[in-house]
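One structure is given below, encoded as structure tokens.
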Amino acid sequence: MSAVTAVLVAALLAQGYYSPEEAQGLFQQANEAYLKQDYAAARAGYEKLLERGFGGADLQYNLGTTSLAEGDLGRAVLAFERSRRAGGEGPDLEANLALARARQLDKVVGTAPEEPFLQRVVSATSGNGVAWGFLAAWGTGCLLFVLFRLLRPGRRTWAAVLGGLLLTLSLPAGALLAAHIWVQQTLHEAIVLAPTLRAREFPREEAKVSFEVHPGLKVRVMEDTGRYVRIRLPNGLEGWAERSGVAEI
């Protein structure tokens, strides 16, 4: 590597790096800007942290509340949903997400096709709870079998029984955790950002418009081709829309 190249690489790395103290300082500045109702400055601070690789449920939640205060329903719902996916929870998050959805222009009418059984199970369970349950059962079961080896004969039966029970319980928990991972990797949900997103019968600009949707609506991305993605509404209606008009959660 030449000296010039090394200097350029170092400069690029320096531009993309914040120390934890610097990141915390910028986060605090953005929070203070929000409290002063300087929403543009607050959003710029949060987005700068995201661009530099910092994230998390709290950052996404604050970005969502800022976008909601600005009236940007699409990015507000997107940030709240990403906060949820990062493990965020609580009444404030749910209340703000409900408020953003209540302000949406689209009220989707109709009954959606029934979800596959696996997706319904995943939707009904907490990913974080399943992960911690699996780790607790599997880890404790393994520790009990180690303890079984250390205890004297006659005093270790309980460790073997309890360890075997916990390892047995970890099997369905592990299967459910694998289901969560599979659904998360294969099920692509997105939020509409475009002021008016036109869904067409096929992925061509001259195709007939089937329906229109607006910011904040959650859709499912079924497939993509070039500049278009096929989206499915909560009621099962499908159409091809421009990729730039939606953002995946």
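The values are calculated or read from the model by the stated rules, or taken from the named source; none is laboratory data. No experiment lies behind these values; they were computed from the predicted model shown. Every residue, glycine as well, gets a Cβ built from its backbone with ideal geometry; the counts of neighbours run over all protein chains shown. These accessible areas exclude ligands, DNA and RNA; they are computed on the full protein's heavy atoms, side chains included. Shrake-Rupley method; radii C 1.70, N 1.55, O 1.52, S 1.80 Å.
For region 114-134: of the residues being among the polar types (S, T, N, Q) and part of a helix (DSSP H, G or I), which is least open to solvent (accessible area, probe 1.4 Å)? Among residues in region 114-134 that are among the polar types (S, T, N, Q) and part of a helix (DSSP H, G or I), the one least open to solvent (accessible area, probe 1.4 Å) is Q119.
Out of all the residues in region 185-196, is one or more open to solvent by less than 80 Å² (accessible area, probe 1.4 Å), of a type in the set (V, I, T), modelled with pLDDT under 95 and in a helix (DSSP H, G or I)? Yes, region 185-196 has at least one match. Only residues that are open to solvent by 100 Å² or more (accessible area, probe 1.4 Å) and closer than 30 Å to S126 by Cβ: list them for region 143-160, please. Within region 143-160, just L143 meets the criteria.
Checking each residue in region 217-232 for being closer than 14 Å to P203 by Cα and either among the β-branched types (V, I, T) or not in a strand (DSSP E or B) (or both) picks out V221, T225, G226, R227, V229, I231. Selection over region 29-57 of residues that are of a type in the set (D, E), assigned to a helix (DSSP H, G or I) and modelled with pLDDT of 95 or more gives a count of 2.
Among the residues of region 135-163, the ones that are outside any helix (DSSP H, G or I) and either of a type in the set (D, E, K, R) or under 25 Å from L176 (Cβ atoms) (or both) come to 3 in all. When L93 is tested against (1) open to solvent by less than 60 Å² (accessible area, probe 1.4 Å); (2) closer than 24 Å to S244 by Cβ; (3) not charged (D, E, K, R), exactly one condition is not met: (2). Across region 197-236, what is the total count of residues that are crowded, with 16+ Cβ neighbours inside 10 Å and small (G, A, S)? Number satisfying all stated conditions: 2. For the criterion of being part of a loop (DSSP other than H, G, I, E, B), open to solvent by 50 Å² or more (accessible area, probe 1.4 Å) and farther than 28 Å from H180 by Cα, Q104 fails. Any residue at all in region 168-177 that's part of a loop (DSSP other than H, G, I, E, B), without any contact (Cβ under 8 Å) to a residue 60 or more places away in the chain and surrounded by 13 or more Cβ atoms within 10 Å (Cβ to Cβ)? No, because not a single residue in region 168-177 is part of a loop (DSSP other than H, G, I, E, B), without any contact (Cβ under 8 Å) to a residue 60 or more places away in the chain and surrounded by 13 or more Cβ atoms within 10 Å (Cβ to Cβ). Tallying residues that are open to solvent by 20 Å² or more (accessible area, probe 1.4 Å), over 18 Å from the mean Cα position of the chain (by Cα) and not basic (K, R) within region 16-72 yields 27. Scanning region 182-216 for residues that are without any contact (Cβ under 8 Å) to a residue 60 or more places away in the chain, more than 15 Å from R232 (Cβ to Cβ) and small (G, A, S) yields one hit, A207.
Tell me yes or no: at least one residue of region 237-247 is among the hydrophobic types (A, V, I, L, M, F, W, C) and either at pLDDT below 95 or open to solvent by 40 Å² or more (accessible area, probe 1.4 Å) (or both). Yes, the conditions are met somewhere in region 237-247.
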